[in-house]
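Engineer: Got a structure here, written out as structure tokens. Questions coming.
The values are calculated or read from the model by the stated rules, or taken from the named source; none is laboratory data. These numbers were taken from a predicted model, which means no experiment stands behind them. For neighbour counting, all protein chains shown are included, and Cβ atoms are generated from backbone atoms with ideal geometry for every residue, glycine included.
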Amino acid sequence: MEKLMRKFFLFLSNNKFFTKLAKKYGLRFGAARFVAGEQIAQATDTIRRLNKHDLVVTLDHLGEFVSDEKEARERTEQCVKAIEAIAEENLDSQLSLKMTSMGLDISRELVMENMRKILEAGKKHNVFVTIDMEDYERCQATIDIFEELKKDYDGLGTVLQAYLYRTVDDLQHLNQYNPNLRLVKGAYKESPEVAYPNKKDVDENFKKIIKMHLENGNYTAVATHDDAMIEYTKELVKEKGYSKDQFEFQMLYGIRNELQDQLVKEGYTVRVYVPYGNDWYGYFMRRLAERPANVAFVLKGILKK
Ligand code: FDA
């Protein structure tokens with residue numbers, strides 16, 4: 001049943017018709033639990049509140065799978081504005097983005113031009129930028145662009161997904177840049193030809209890449225809500241004596257808030273991924289796919305209205 005629901009929500013997550021409908025009707029149906037708001041001012045309020053609780057942030061201007069050049073340019077401007085807002089208000093926040101929002105599916109020229117604009121703003125205001133990893137089809141292009149840009153922009157990171165067979169090789173290959181990488185399990189619907197179909201194997205590979213990246217001496221962002229993976233990381237860093245400055249935990253806004261606070265109390269860096277903007281539909285569907293209990297939560301919210 002759980003597998004079926006996961007498939008269903010992942011199917012909905014990139015359905016064009018529902019995406020359009022959701023954009024038109026705004027932040028409804030419980031998405032507000034996972035999304036800070038549609039405007040940058042709401043997002044900066046949220047960041048300020050989180051920073052007060054000693055949580056650091058990566059701000060995500062929601063958007064993906066853009067096929068129109070004008071829209072990709074607008075989204076680029078919004079990312080630049082987000083960086084400026086972070087700097088102006090002196091917030092402790094980085095920026096995350098999806099390159100299909102910046103024109104990855106339109107042309108290499110366009111996405112490079114847009115990414116350079118954002119990274120110039122990041123460099124100017126000292127705001128670190130992470131390129132989220134999208135589906136398998138875009139994985140190689142994402143890594144290629146990351147490598148090209150990394151030569152010019154130090155404040156750039158990306159994400160590797162434990163569910164892909166190729167990830168261990170990618171991690172070793174990227175080691176030459178000593179990159180700050182976010183490690184995740186992976187959120188898209190992928191074929192067993194490219195990704196481990198069983199959770200057990202994904203978890204094992206997740207542990208493996210956490211260990212490898214730390215051993216390589218690189219900054220490691222362990223992005224998960226899974227107690228087992230968090231415990232594994234804590235034990236490993238204790239055993240090997242890694243400094244708390246070499247890694248951080250990352251979690252999504254609205255998920256496991258108590259755990260976030262507890263880790264901060266224990267002295268760990270915890271970064272909250274805060275999405276905002278009107279293109280919240282695909283993101284929201286992936287959160288529902290991850291955990292059917294969230295569906296019950298959302299339904300309760302609707303019934304209360
Ligand atoms: P898993 O899904 O195995 O869940 C373990 C436990 O965590 C659950 O039993 C539950 O208790 C809790 N939990 C998990 N998800 C929950 C939810 N939605 N609501 C409530 N509780 C939940 N993916 C990707 O492909 N590309 C990317 O760039 C990113 N970026 C990213 C950034 C950050 C900061 C995070 C935390 C995650 C991502 N992801 C991602 C998503 C990631 O790949 C993965 O889908 C989710 O983190 C869920 O996997 P977990 O590791 O949390 O464990």
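Engineer: Can you tell me how many residues within segment 43-73 are hydrophobic (A, V, I, L, M, F, W, C), more than 16 Å from the ligand (Cβ to nearest atom) and either touching a residue at least 60 places away in the same chain (Cβ under 8 Å) or not in a helix (DSSP H, G or I) (or both)?
Structural biologist: 1
Engineer: Restricting attention to segment 18-45, report how many residues are surrounded by fewer than 19 Cβ atoms within 10 Å (Cβ to Cβ), modelled with pLDDT of 70 or more and not charged (D, E, K, R).
Structural biologist: Number satisfying all stated conditions: 4.
Engineer: Quick check: anything in segment 117-127 under 18 Å from Thr46 (Cβ atoms) and either in contact with a helix residue (DSSP H, G or I) (Cβ under 6 Å, 6 or more places away or on another chain) or at pLDDT 95 or above (or both)?
Structural biologist: yes
Engineer: Considering only residues that are within 11 Å of the ligand (Cβ to nearest atom) and either free of Cβ contacts under 8 Å to residues at least 40 places away in the same chain or more than 22 Å from Gly63 (Cβ to Cβ) (or both), which ones fall in segment 121-166?
Structural biologist: Those that are within 11 Å of the ligand (Cβ to nearest atom) and either free of Cβ contacts under 8 Å to residues at least 40 places away in the same chain or more than 22 Å from Gly63 (Cβ to Cβ) (or both): Ile131, Arg138, Cys139, Thr158, Gln161, Ala162, Tyr163, Leu164.
Engineer: Surrounded by fewer than 23 Cβ atoms within 10 Å (Cβ to Cβ), in contact (Cβ under 8 Å) with a residue 40 or more places away in the chain and either within 28 Å of Met212 (Cα to Cα) or touching a strand residue (DSSP E or B) at 6+ places or on another chain (Cβ under 8 Å) (or both), is that true of Val264? I'd like the intermediate steps shown before the answer.
Structural biologist: Details: surrounded by fewer than 23 Cβ atoms within 10 Å (Cβ to Cβ): yes; in contact (Cβ under 8 Å) with a residue 40 or more places away in the chain: yes; either within 28 Å of Met212 (Cα to Cα) or touching a strand residue (DSSP E or B) at 6+ places or on another chain (Cβ under 8 Å) (or both): yes.
When the stated conditions are applied, Val264 passes them.
Engineer: So, one more: Answer yes or no: is there a residue in segment 77-89 that is out of contact with any strand residue (DSSP E or B) (no Cβ under 9 Å at 6 or more places or on another chain) and crowded, with 17+ Cβ neighbours inside 10 Å.
Structural biologist: Here is the first cut: in segment 77-89, the ones out of contact with any strand residue (DSSP E or B) (no Cβ under 9 Å at 6 or more places or on another chain) are 77, 80, 84, 87-89.
With crowded, with 17+ Cβ neighbours inside 10 Å added as a condition, the list becomes 80.
Yes.
Engineer: Just the residues that are away from the ligand (no atom under 12 Å from the Cβ) and either of a type in the set (Ser, Thr, Tyr) or modelled with pLDDT under 95 (or both), please, taken from segment 181-196.
Structural biologist: Residues of segment 181-196 that are away from the ligand (no atom under 12 Å from the Cβ), as a first pass: 191-194, 196.
Residues satisfying the conditions are Ser191, Tyr196.
Engineer: Give, as residue ranges, the helices (runs of 4 or more DSSP H) completely inside segment 208-293 that count at least 2 residues that are more than 9 Å from the ligand (Cβ to nearest atom) and among the basic types (Lys, Arg).
Structural biologist: So the answer is 227-240.
Engineer: Looking at segment 128-153, which of its residues are assigned to a loop (DSSP other than H, G, I, E, B) and touching a Gly at 6+ places or on another chain (Cβ under 6 Å)?
Structural biologist: Phe128
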